[in-house]
Every structure is written in C-alpha cells, then in structure tokens.
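Colleague: Below is the structure I would like to discuss, written out as structure tokens.
We did not get these values from a lab; they are worked out from the coordinates using the rules stated. Keep in mind it's a predicted model, so treat the numbers as computed, not measured. Glycine gets a Cβ as well: all are built from the backbone with ideal geometry, and neighbour counts include every protein chain shown.
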Amino acid sequence: MSVNKVILVGRLGRDPETRYTSGGQAVCNFTLATDEVFKDRAGERQKRTEWHRIVLWSKQAELAQQYLKKGNQVYIEGRIQSRQWDDKEGQKRTTYEIVGTAMRFLGSRGEAVAAAAGAGQDSEAHASAAPDEAVAAPEISDEDIPF
C-alpha cells in the first residue's frame, strides 16, 4: 500500500495563470507560500517560507482563475507529481508539483469580497458559484456581524 497525499494552507505568490489543452480542458498554475515559525538555537524567532507549484484542472482551474488573486489564502489538497525534461544545455531537469484534487477559499470575508469585486462579481455571486465539495465560501462568524 502507498499514499501520496498533500494538504497545504497558504497564500498565492502570484495570480493564477490558466491555459487550455488542445482538447479544451482548463489547466491553472500558481505558486503557494507556506510559512513555518520556529526558534533557533539562540532562542531567536525565525520564519521559513516554502514555495509550492500548484496545478489545478477543469472546473477547479476555472474557479481559481476567476476568484483567486495574489495574496489570497487557500486550502489545497492533492498529490505530489514530478516532471522531467531536458533544458537548453541538454541537462536533465526535474520539478515537483502539487496536483490539486480539492480546493477551498480561506481568509476573511473581506478578502472574499475583494476577490469577488476584483473579478467583477459581488459576494453573493461568489458564494453561489462554488460547487458543493470543491470550493466553500467563507463562513460568517460573530465577529463579522456589524452590531
């Protein structure tokens, strides 16, 4: 038995880029930053950022393109996949990507409204555009109520 599963929560390092295959299937790429805060041996607080290449396909790719922007927080679940190619000098190169199978928009309601406004949508359109399992609209807490 083997398992290849990744769960990441982070912020987009750049706006998503979506292309379409010759068969018309959407594929979206973006980078995701995850942070780790720890204390070094001297007791100083350190922060380390890891960058991940994310690939989404089909409807998730289209939703990411429509609603995600640089800096948005997102939950990605998927698997690690490697790709190899020969560069211009003939050297073998390898890259590792996270192929997303599930995605959820995270962050504050204000971020979701700003993302929807940036896409030319209002927040209600943003929530209704999300499919049942793939993307969830941000939940409203008591802190979001204005009175």
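Colleague: What are the lysines whose alpha-carbon lies under 25 Å from the alpha-carbon of residue 88, with same-chain residues fewer than 8 places away excluded?
Modeller: none
Colleague: Sticking with this one: Residue by residue, what Karplus-based ³J(HN,Hα) values in Hz, rounded to whole numbers, does region 70-80 have, using 6.51, -1.76 and 1.60 with θ = phi - 60° and x for Gly and Pro?
Modeller: 3, x, 5, 8, 8, 9, 10, 10, x, 9, 7
Colleague: Identify the GluC sites (Glu not before Pro) of region 1-102 meeting these criteria: DSSP loop state and at most 16 other C-beta atoms within 10 Å of the C-beta. Write down the numbers at each step before the final one.
Modeller: Numbers: sites: 17, 36, 44, 50, 62, 77, 89, 97; in loops: 44, 89.
Hits after loop and neighbour filter: 44, 89.
Colleague: On to the next question. Under a 5 Å amide H to amide H cut-off, with H placed in plane at 1.01 Å, what residues pair with residue 72 once short-range neighbours are removed?
Modeller: The list, which skips near neighbours in sequence, is 12.
Colleague: Nearest 5 percent is fine: what portion of the DSSP beta bridges confined to region 1-98 is antiparallel? Present the calculation step by step, with values, prior to reporting the outcome.
Modeller: Working: 32 of 33 bridges.
Once the DSSP bridges in region 1-98 are tallied, antiparallel ones form about 95 percent.
Colleague: Treat the count of other C-beta atoms within 10 Å as a stand-in for reagent exposure and order 1, 103 from fewest to most. Write out the running numbers ahead of the final one.
Modeller: Details: 1 2, 103 25.
If I rank by nearby Cβ atoms, fewest first, I get 1, 103.
Colleague: To continue, here is another question. Under 27 Å Cα to Cα from residue 39, which lysines show up? Leave out anything in the same chain fewer than 8 places away.
Modeller: Those lysines meeting the cut-off are 47.
Colleague: Can you work out the Karplus-derived ³J(HN,Hα) for every residue in region 19-35? Use 6.51 cos²θ - 1.76 cosθ + 1.60 with θ = phi - 60°, whole Hz, and x for glycine or proline.
Modeller: 10, 10, 6, 4, x, x, 8, 6, 9, 10, 10, 7, 9, 10, 9, 10, 10
Colleague: Starting from the Cα of residue 59, draw a straight line to each of the lysines and keep only those under 23 Å, dropping any in the same chain fewer than 8 residues away.
Modeller: Filter leaves 5, 69, 70.
Colleague: Suppose R0 equals 41 Å. What FRET efficiency, 1/(1 + (r/R0)^6) with r the Cβ-Cβ distance, do residue 22 and residue 45 give to the nearest 0.05? Don't jump to the answer; show the numbers that get you there.
Modeller: Values: r = 50 Å, r/R0 = 1.21.
About 0.25, to the nearest 0.05.
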